[in-house]
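Worksheet: the structure to be examined is printed underneath.
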Amino acid sequence: RSKRRGRGQITVYSREIAQEMKRSTQLEQALRNAIIADSVEVHFQPIVRIRDASVVGFEALARWNDPDLGFVSPAVFVPLAEERGFIDALSDTLLRKAAEAALSWPRELFLSFNLSSAQLMDPGTAGTILATLGRVGLDPARLELEITETAVMTSADTAERIIAELRQSGVRISLDDFGTGQSSLGRLRDFTFDKVKIDRAFISRITTDRASEHIVKAIIAMCDGLDLQVVAEGIEEWADAEKLKTLGCAMGQGYYYGRPVDAAATLRYLQTHHRDFLPTQETA
Ligand code: C2E
Ligand code: MG
Ligand code: MG
Ligand code: MG
């Protein structure tokens, strides 16, 4: 089969593959080193109650700034760690750091943490997560795990068992990027979730595109009926927030409210956005 394509073409093709393989192997090695050196960091983005913009929790987002490679997006290195079989080590480091940061927030604030699809295929995942929370001392009731529709579809039985075990310990589950995956509304009935995060793709067009507005409206109505909480992702402008308010969307997240920031900066954010941290009459 390859003979017919001619020699030159095969050479170019294989050189590209070789280059790509070399690059991803370099990336893999650098990432493994960064995990060992404990230099992969976690940033936090506020999740707010849209009504008054008060913060209700933070989503942990992995950040890796390599001295040689520069900033590498989690959309690149998380899938790489999954593919090369060390997502557990990466995720465990990230959860530990995130949970430690959450200890310094007011108790009613939750920590939202992303799980990758590979983790939902591994029956040991629930135990690992709960052990990490135990070591750090974070109440499982303060943790929410974000999973995607696709991840749930991939290994349904195992995923279901992991979710059940975590929920039994008080951990809540939210469905991330809702509306974009190979979705099946039946999943919402078969699986037990607590929250749905409406994908940014709909929110970014909500004030300009009637279809997006109607889709968001329908998702909110469905969630109300199913007793699921709703978060709108990717709120970038005041007008998006106002529109979502009129649609009755309870929670939101996006650059309009705050970009992901490091652990120290979450405390400064809370000083201006959380009542327990607001200056009282005496101290003001
Ligand atoms: P995600 O879980 O859907 O996270 C939301 C992404 O949208 C984040 O990108 C966040 O920085 C970005 N974002 C938030 N608000 C806005 C907005 O208003 N406008 C725009 N344009 N973007 C906004 P980020 O940090 O690059 O993460 C990308 C993805 O990588 C995440 O999507 C998640 O799937 C994955 N990821 C990040 N951290 C972790 C992690 O610790 N574990 C796992 N398994 N996956 C992670
Ligand atoms: Mg997420
Ligand atoms: Mg998302
Ligand atoms: Mg996403």
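Read-outs throughout are calculated quantities, based only on the coordinates presented, and are distinct from any laboratory measurement. Quick caveat, the model's predicted, so the values are computed rather than measured. Here the Cβ positions follow ideal geometry from the backbone for every residue, glycine too, while neighbour counts run over all protein chains shown.
Per-structure values
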quantity: Burial order of peptide ranges 217-223, 139-145 (average beta-carbon count within 10 Å, highest first); calculated: 139-145, 217-223
quantity: Surface/4 estimate of mean projected area, convex hull on alpha-carbon atoms of region 64-134, nm²; calculated: 5.7 nm²
quantity: Degrees separating the helix 125-136 axis from the principal Cα axis of the chain, which is the longest one; calculated: 60 degrees
quantity: Cα-based Rg / Dmax (Å) for region 12-89; calculated: 16.7, 58
quantity: Chain lengthening between Asp224 and Asn33 when straightened (0.36 nm per residue, less Cα-Cα); calculated: 64.2 nm
quantity: P(r) of region 37-163 over all Cα-Cα pairs, binned every 5 Å from zero, in whole percent; calculated: 2, 10, 19, 22, 20, 15, 9, 3, 0
quantity: Net charge of Cβ neighbours under 9 Å - reference Ala250; Lys, Arg +1; Asp, Glu -1; calculated: +2
quantity: Residues Lys197, Lys245, sorted so that the one with the fewest Cβ neighbours within 10 Å comes first; calculated: Lys245, Lys197
quantity: Value at 222 nm in deg cm²/dmol, rounded to 500, when DSSP H runs of n ≥ 4 in the chain each add -39,500 (n - 2.57); calculated: -14500 deg cm²/dmol
quantity: Pairs of alpha carbons in the chain whose separation is greater than 25 Å (percent); calculated: 53 percent
quantity: Computed log₁₀ I(q)/I(0) - Debye formula, equal Cα scatterers, no solvent, region 91-218, q 0.14, 0.15, 0.20 Å⁻¹; calculated: -0.65, -0.73, -1.11
quantity: Relative contact order (%) - criterion: Cα under 8 Å, at least six apart; region: region 158-221; calculated: 27 percent
quantity: Percent of beta bridges antiparallel (DSSP, the chain, rounded to nearest 5); calculated: 40 percent
quantity: GNM top mover of Ala53, Ala265, Ala151 - the chain, alpha-carbon springs below 10 Å; calculated: Ala265
quantity: Net lengthening on full extension, Ala211/Thr246 (0.36 nm per residue, minus Cα-Cα); calculated: 11.0 nm
quantity: Under 25 Å between alpha carbons - lysine pairs in the chain that sit 8 or more apart or on different chains; calculated: 10
quantity: Stretch gain in nm, segment Ser54-Met21, where the contour uses 0.36 nm per residue and the Cα spacing is subtracted; calculated: 7.3 nm
quantity: Efficiency of FRET between Glu236 and Ser169 - r from beta-carbon atoms, R0 35 angstrom, step 0.05; calculated: 0.50
quantity: Whole-number D in µm² s⁻¹ for region 184-259, Kirkwood Cα-pair radius fed into Stokes-Einstein, 37 °C, 0.692 mPa s; calculated: 262 µm²/s
quantity: Relative contact order (%) - region 93-159, alpha-carbon pairs under 8 angstrom, separation at least six; calculated: 45 percent
quantity: Translational D in µm²/s for region 149-284 (Stokes-Einstein at 20 °C, 1.002 mPa s, Kirkwood Rh from C-alpha pairs); calculated: 128 µm²/s
